[in-house]
1. What ranking of His209, His420 emerges when the number of other C-beta atoms within 10 Å of each C-beta is taken as an exposure proxy, fewest first?
2. Using the structure shown, select from Lys299/Lys480; Lys211/Lys251; Lys147/Lys350 the pairs with a Cα to Cα distance greater than 23 angstrom.
3. By average Cβ neighbour count within 10 Å, what is the ranking of 348-359, 308-319 from highest down?
4. Take Ser347 and Gln447, extend 7 Å from each Cα along the Cα→Cβ direction, and tell me the distance between the two endpoints in nm.
5. For Val454 and Asp157, FRET efficiency with R0 = 25 Å and r from the beta-carbon atoms, rounded to 0.05?
6. I want to make sure I understand the PRE zone here: with the label point 7 angstrom from the Cα of Arg242 toward its beta carbon, which residues in the range 190-225 have backbone N atoms less than 12 Å away?
7. Diagonalise the Cα gyration tensor of the range 183-341 and give the resulting equivalent ellipsoid semi-axes, square root of 5 times each eigenvalue, largest first, whole Å.
8. Of Asp384, Asp168, Asp410, Asp220, how do they rank once you tally other Cβ atoms within 10 Å and put the fewest first?
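Just so it is clear, none of the values below were taken in a lab; they were calculated from the coordinates. As the structure is a prediction and not an experimental result, all values here were calculated from the model. Neighbour counts run over all protein chains shown; Cβ positions are idealised from the backbone, glycine included.
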Amino acid sequence: MAQNEIKDPGENTGSSPKPLRKLTKISSQQAQEQNRPKPLRKLPTVNDPGVHFREPETTPDNGNAAAGAMKAESAAARKPSKTVKNAHEKKAQAPRGADFLVKLLSVAASLFLVCAMALNMPIIRYKGETSNISIMNMFKQWKPLNKEGDLEQNNMDLKINSDIIIKDFTDGLDLPQLIEGQYSILLLGFDEEEFNTDVMWVLEFDIGHGKLNILQIPRDCCLPDYTDSPTGKINSVYAMGRNYNLTPIQKVVNAVQENFGIPIDAYITTACFDIVDMVDLIGGIPINIENEIMYEADKIIPAGDIVLTGAQAEWFIRFRREWMEGDIGRMQNQRRFMAAAMNKLQSIVKDEGRIKLYSYLKQIYDNEYLYTNLSMEDIGMVADFASTLSMDDVTVNMVPGEGAKYPAPDGVEYDVYSVHKRATLDMLNKYYRPYQNSMKWTDSTIQELITDYVYDVYDDTAATLEEIEDSTEPQRNPAKAPR
């Protein structure tokens with residue numbers, strides 16, 4: 001190193017070099033004393049990893065005495081007494097099952113509490129009833145049979161009667177209702193090809209008054225503005241309905257709402273072969289058959305008091321060949337099946353209990369004998385209400401009208417059912433709008449094919465299930481009897 005690079009710290013001049021620091025000369029003995037390393041902390045080595053010994057801390061002041069003490073203690077630690085060694089061996093060998101069980105139970109209990117809190121807590125910020133959006137409620141409202149899709153938000157003018165539906169009015173039914181006090185379900189039954197809806201019922205549960213009003217819609221009702229089918233029949237709306245951006249079920253719901261003014265809360269669809277399984281599941285339907293019914297040559301229902309099997313129930317519901325009034329006769333016969341099925345429902349509740357009824361419903365649900373946007377919980381609540389009704393609490397109506405010819409655009413005349421609009425509006429206002437203002441002529445899109453009615457026998461078909469239970473079969477056409 002050059003001398004001009006070494007500066008004296010005590011020199012104040014800016015450019016003059018500083019002198020080198022003077023080194024103090026020490027003796028070799030002093031050097032050995034200063035360079036002597038401090039004693040390191042020694043850890044004992046033991047056979048039992050569970051035994052730990054605490055070493056005394058040393059400072060530069062204790063010198064060799066501390067180091068000697070550490071050596072002695074370390075030596076003692078390397079040779080633990082036989083008693084201590086045996087004690088630690090026994091401790092290591094002791095079973096730890098109890099500790100493990102306690103830890104396991106603690107973890108399980110913690111997980112349970114966390115899950116319970118999480119499942120019932122709101123999953124998003126929400127104004128209103130937060131219970132409606134909890135994870136637990138999501139499972140309750142799970143709809144695995146919602147194969148037709150959800151219904152769109154209802155945009156129809158409900159015309160709610162504000163004199164009845166006041167601010168705090170409630171019917172106690174925990175369902176998402178369009179109108180408080182009632183709950184309406186559209187029930188559709190498909191033909192064998194699952195193309196046409198040959199059975200169309202609206203089940204309106206009047207919760208506030210403890211009633212059930214059922215509307216039968218003839219499959220041949222002519223609604224040409226709602227379908228591309230040349231027949232113009234309502235049973236083709238599902239498969240050939242217009243408004244192509246809508247789901248098939250939504251097309252039917254819209255047609256029913258716009259023509260008949262009944263807000264539809266939910267739907268259920270099923271096929272004729274599913275009826276077989278459902279009836280067999282509950283053990284058949286007891287009914288009285290006045291005269292033998294021959295659905296086909298090898299499909300005969302004997303006369304008398306019998307219990308319809310699933311297959312016989314399908315034949316009974318679909319049979320129409322011999323009825324004088326054809327499809328109308330079939331609908332009258334279906335009323336008798338309704339009454340018999342209601343009796344069966346009540347007997348299940350009375351003899352086997354509600355739990356058994358719910359068990360049947362769950363099996364129907366799990367086996368997918370129907371499609372619906374209802375959850376299992378929803379179905380249970382509706383069934384619970386229905387089971388409290390008597391036969392006299394259920395009224396059945398058919399849409400008023402008569403047979404007519406419809407000159408289709410393809411040049412063919414089809415046999416259809418022409419609705420009597422005035423009689424239909426009167427019937428709807430009396431039975432199906434308990435919490436709405438009366439429906440006016442302009443509120444419905446019903447088109448009458450004929451205005452000079454030939455007959456009005458179907459203008460008033462109201463009957464309770466109790467009355468239907470005691471009714472006779474529809475009139476038969478002798479010319480169509482099997483030979």
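1. His209, His420
2. From Lys299/Lys480; Lys211/Lys251; Lys147/Lys350, over 23 Å: Lys211/Lys251; Lys147/Lys350.
3. Most protected by this proxy first, the peptides run 308-319, 348-359.
4. Spacing of the two 7 Å Cα→Cβ label points: 4.7 nm.
5. 0.15
6. Label zone hits: 223-225.
7. 28, 19, 14
8. In increasing order of surrounding Cβ atoms, one gets Asp168, Asp410, Asp384, Asp220.
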